[in-house]
Structures are given as structure tokens and as C-alpha cells.
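K.L.:
A single structure is presented below for examination.
The values are calculated or read from the model by the stated rules, or taken from the named source; none is laboratory data. Since this is a predicted model, take the numbers as computed values, not measurements. Here Cβ is always computed from backbone atoms with ideal geometry, including for glycine, and neighbour counts include all displayed protein chains. These accessible areas exclude ligands, DNA and RNA; they are computed on the full protein's heavy atoms, side chains included. Shrake-Rupley method; radii C 1.70, N 1.55, O 1.52, S 1.80 Å.
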Amino acid sequence: MTNRLRRTFMQWTGSLPLLGALPKTVMAQAGEQPAASGVQPAGNARPPRFAYVGTYTFNAPGGTAGGPAARGIYVLAPRGDAWTQVQVVESANPSFLAVHPNQRFLYAINELEVYEGRPSGSAESYAIDPHDGKLTLLNRQPLSLSGTNPAHVVVSPDGKHLCVSIYSGGAYNLLPIGEDGKLGTVSGIFKDTGSGPRSEQEAPHAHMMLFDTTGQHVIGTDLGTDRINVFAIEGGKLAPRDRAQLKPGSGPRHLALHPQGKLLYVINELEGSVACHGYDPATGHVQEERQRISTTPADYTGQKSGAELLMHPSGRFVYASNRKLKSDHPLADSVAAFSIDASGKLAQLQYWNEGVHFPRAMTMAPDGSHVYVLNQKGDTILRLRIDGQTGKLDQPTVVAKVPTPVCLVFAA
């Protein structure tokens, strides 16, 4: 069976509308892309030697493909068009992963409602074997009490802290990282209050944290309260620095920063949109919204569910994923590509839906040459080439088959 997908897809291009000013039609076009990518690799990007895939092992939100259940973290060797499985590490719902800046350790959050008899999720630390990439468990720590179903994890640029966004607990947790890579107990907690106008927003739902380009501030989304929160890390605690209230009912999920550090983009899960804000990295202040653009075409019908947002290392393109929930539209499962002009404004480039099956997450290749789509309901990792001149996607290739994949990170 070949890894190369048949080119029988529907590719939609044209002008993606700004919300509130939707044109009546969206042009559809199918065709081949130029053969030469023209991608300029990131200056410090090294080819990844190891790939790590997080999975849902049970109770996957949104469902699965119906095949064999995942077992935990999958270690792969990313070589060519067919990646080799090196190891499977047993772990309960390791739905998001992060690699330490020194490339020696991997961290995972366990999306659980109960851990060791308490209402809590957990976080795990692993040592990475520098020769073959295999993982060895170092330790596991519970998250804060009532901190259930953690959704995201990130390591601070100095490698000293792990930041966890807890969806059901509506909180952000901070855990210290030792020189040996092991996790300490939770040292900092910020638990929000409030709600939003939609049924999914009955309480705060922290969804992601992202460090800015200075490394001094960490920016967090809260889907339940339509907020962006900004913190500094002081004395092992999360010190609030700024808060931005977004459009009611939008449901901010994931963030992407422009490489220059002064533009912040947020994908809104409930509304199916991407918004652009100014950002001051010196103070951590989130500025006014500059633009809001839909991730779906004007003729879209049914429920929207934006998921992942990726910034190209050049700062010229950004990519957003849509997941199919209650909709029969052909682009309900899709990747939307946008260009970014000198002012930071987005313009729609392309929709891609071939081989895309409930893309909860995507990952950018370190050199910006490809986007990897994690097909939660396809049990596959789909690689799409990025044309470096146009930003458009082409050359779909299934590089690996993994049950219910929902996160991919690389180690050099």
C-alpha cells in the first residue's frame, strides 16, 4: 500500500472573508502546485532525529477512527516518507507533549479526571536516549487539586519550569524542573473565575500557554471566559501581568506569535476564526484586536470547531485547522492557509481537506518546509509540503500510522 495519497481532492482557494463582511461565493479551484518549494530554512533549525506522538488512550473528545486503542507515547524515527516506530511507552492519555530546550527530556500531560484517587490530572517527565530517542520515565507528579483534564504543556525557555493549562479545572499550573529533568510538585497556581455566553463556557477552561519572544512572559488562553491572560514567573509562582477580554462567545483556544514578537494571533474554537492583536513583549500587554477572519468559507454550514494554529518561521504564513463536528460541509475537516502582509493582516490562500480527519493538532517542521497534520479520526500523520513562495500546501504523504494521534513534537 503506497503512502502517497491519490490526488482526488477538492482544493478551495480565493478570498476568505472577514467576519461580518462575508461575500456570497467562494471560488473553488483544483490543480497542481509548483514543484520547487523555495522554503528558506530557519537559521537555527536542525533536522529532527526523533519524533514523539501523544495519543488519547481512552475517552477521546470527538471520538476515534474505531480501530485499536492507543497505548501511550509513540517514539518514531522521522526518515523520508515512511517513519519507523522505535518504541511505545505506556501512558494514560498523554494528549500533549513538550521537549526541554536542551533536547534531553520530554514532558507529557495526562488528560485524566482522577489520579491516585484524587480529582487531578498528572504530568510526566522522561529522559531521551541521545542515541535512539527511546524514553525512560523519570517521575510523575499530580497537578493541583481539581485540576482535571489538562490540555496543554510548555517548558520555559530557560528550562526551569513546566507550565500546564488545565481545561476542566480552569487553572494554570507551574511545576519546577530539576537539573536532572525531574518534575517537582506544583509550585504555582492561578485559578480563574467567570464564564461565557455559550453552553461550552459554563466555567473557565484554560487551554494553552505560550512564552513570548523575550521568554519573560507566558501568555495563556481561557476558552471558557473569552480571555487571554499574561504572566511572569516570579519565585516559582505565576504573577499576573495583563488580561485581555476578547469577543464574547469566541472561545480562544491556541495562540501563535509572529517571529518579530509584536503580533499575537489566536484561533477561536467556538467561532471558527483567527484574530490578530498587537502585543508589547516589553510589558506583556495584549493590545487591541486588529483583525478577525473566518477559518471557513462563506457557504459553510453547521457547527464550527477551530483547533490548531501554526506560524511559519518566516512570519509570512499561518495555518489553522478545522474539525468536523455537526456539519456536512466538505471543509468541516480541513486546514486553512493564510498569508501575512507587512502590517500583520491575514489573507486567505487555500483550504486543504484531502487526507484530513479531525485534525486536533498540527506541527510545523523545524525548517518550515512542511506541516504535519495529526488525524485523530484517521490514525495517521499526514505531511503536507509548504510552497515557500506562495505558502500553499501540496504533496500529501502519510508518513506514519499511529492510533488516535493528537500531538507531535520533534527532538534534534
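K.L.:
Restricting to segment 378-393, what's the tally of residues that are buried (at least 21 other Cβ atoms within 10 Å of the Cβ) and charged (D, E, K, R)?
P.N.:
The qualifying residues number 3.
K.L.:
Taking the options Phe358, Phe410, Phe338, name whichever one is open to solvent by 20 Å² or more (accessible area, probe 1.4 Å) and of a type in the set (A, V, I, L, M, F, W, C). Show your work before the answer.
P.N.:
On the way: Phe358 fails: open to solvent by 20 Å² or more (accessible area, probe 1.4 Å); Phe338 fails: open to solvent by 20 Å² or more (accessible area, probe 1.4 Å).
Matching residue, one of Phe358, Phe410, Phe338: Phe410.
K.L.:
Can you pull out every residue in segment 194-217 that is touching a residue at least 24 places away in the same chain (Cβ under 8 Å) and farther than 22 Å from Pro157 by Cβ?
P.N.:
Gly194, Ser195, Gly196, Pro197, Arg198, Glu200, Gln201, Ala203, Pro204, His205
K.L.:
Here's a follow-up. Limited to segment 262-276, what total is found for residues that are touching a Phe, Trp or Tyr at 6+ places or on another chain (Cβ under 8 Å) and open to solvent by 10 Å² or more (accessible area, probe 1.4 Å)?
P.N.:
Counting residues in segment 262-276 that are touching a Phe, Trp or Tyr at 6+ places or on another chain (Cβ under 8 Å) and open to solvent by 10 Å² or more (accessible area, probe 1.4 Å) gives 2.
K.L.:
Among the numbered criteria (1) open to solvent by less than 20 Å² (accessible area, probe 1.4 Å); (2) touching a Gly at 6+ places or on another chain (Cβ under 6 Å); (3) among the aliphatic types (A, V, I, L, M), which one does Val318 miss?
P.N.:
(2)
K.L.:
Free of Cβ contacts under 8 Å to residues at least 12 places away in the same chain and surrounded by fewer than 23 Cβ atoms within 10 Å (Cβ to Cβ), is that true of Ala239? If you could, list the steps in order and put the result at the bottom.
P.N.:
Values: free of Cβ contacts under 8 Å to residues at least 12 places away in the same chain: yes; surrounded by fewer than 23 Cβ atoms within 10 Å (Cβ to Cβ): yes.
The answer is yes for Ala239.
K.L.:
Working only within segment 204-240, note down all residues that are in a loop (DSSP other than H, G, I, E, B), within 22 Å of the chain's Cα centre (by Cα) and more than 21 Å from Gly261 (Cβ to Cβ). Steps first, answer last, please.
P.N.:
First, pick out the residues of segment 204-240 that are in a loop (DSSP other than H, G, I, E, B): 204-205, 212-217, 223-226, 235-236.
Subsequent filtering for residues that are within 22 Å of the chain's Cα centre (by Cα) retains 204-205, 212-217, 223-226.
The answer is Pro204, His205, Leu223, Gly224, Thr225, Asp226.
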